[in-house]
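The values are calculated or read from the model by the stated rules, or taken from the named source; none is laboratory data. None of the values given here were measured: they were computed from a predicted structure. Cβ coordinates were reconstructed from backbone atoms using ideal geometry, including for glycine residues, and neighbour counts include every protein chain displayed.
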Amino acid sequence: MAEKLRLGIVGCGGMGHRHLSGLAELQRAGLSPFELVGACDPNLENARSLAAEAEELLGQAPQAVGSMEELEKIGGIRAVDVCTLPNVHHTVSVEGMERGWDILCEKPMGLTARACKRMREGVAKTGRVLSVAENYRRDPINRLARALLDAGVIGDRRLML
């Protein structure tokens, strides 16, 4: 069996808990090539709350920490799931890449084009993977709308993100 990917969640409020639920669904489906080892939030109570829920859902509690420095000290982390407030997605993601971690960033990637550019520059500088959780493109209703537009059934496309 391949070694599990050691993962941290940064930002343990509502979105962090939703991503944890997704990890639990993957584990229930037998798709768990990961080990959640860190829950990081400057509000340590949020990190502790996510760690407690992870213990219930995944059978193991990650270490709750209050900073990226502490998260790095856990050791062996290969990727982080950035679930912070959107205004710091770019700073947290770039810092994570500079620490040698691959990044899954909750949408939006950044609030400005400049923030997104910083993230792309972080990828170029570090060679790390940056993925943005833009799940709405895969939503069945959006896929249907795209197919109907492509087929010319409902008119001409003006804008579709």
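Within the range 60-83, the set of residues being of a type in the set (S, T, N, Q) and not in a strand (DSSP E or B) comprises Gln60, Ser67. For the range 76-85: of the residues being in contact with a strand residue (DSSP E or B) (Cβ under 8 Å, 6 or more places away or on another chain) and surrounded by fewer than 20 Cβ atoms within 10 Å (Cβ to Cβ), which is farthest from Arg120 (Cα to Cα)? Checking each candidate, the answer is Gly76.
The set of residues from the range 128-158 being loosely packed, with under 10 Cβ neighbours inside 10 Å and among the small types (Gly, Ala, Ser) comprises Ala151, Gly152, Gly155. In this structure, does Asp81 turn out to be of a type in the set (D, E, K, R) and modelled with pLDDT under 95? Criteria not met by Asp81. Out of (1) hydrophobic (A, V, I, L, M, F, W, C); (2) surrounded by fewer than 22 Cβ atoms within 10 Å (Cβ to Cβ); (3) free of Cβ contacts under 8 Å to residues at least 60 places away in the same chain; (4) over 19 Å from Glu98 (Cα atoms), the odd one out for Met15 is which? Only one criterion is unmet by Met15, namely (3).
To keep it simple, each residue is scored yes or no on (1) touching a strand residue (DSSP E or B) at 6+ places or on another chain (Cβ under 6 Å); (2) farther than 28 Å from Leu31 by Cβ.
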position: Glu70; (1), (2): no, yes
position: Ile74; (1), (2): yes, no
position: Glu95; (1), (2): no, yes
position: Ala113; (1), (2): no, yes
position: Lys125; (1), (2): no, yes
position: Tyr136; (1), (2): no, no
position: Pro140; (1), (2): no, no
position: Gly152; (1), (2): no, yes
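The sole residue among Ser49, Ser32 that is more than 15 Å from the chain's Cα centre (by Cα), surrounded by 15 or more Cβ atoms within 10 Å (Cβ to Cβ) and at pLDDT below 95 is Ser32. Here Leu57 does not fit the description of being outside any loop (DSSP other than H, G, I, E, B), within 16 Å of the chain's Cα centre (by Cα) and either small (Gly, Ala, Ser) or within 18 Å of Gly11 (Cβ to Cβ) (or both).
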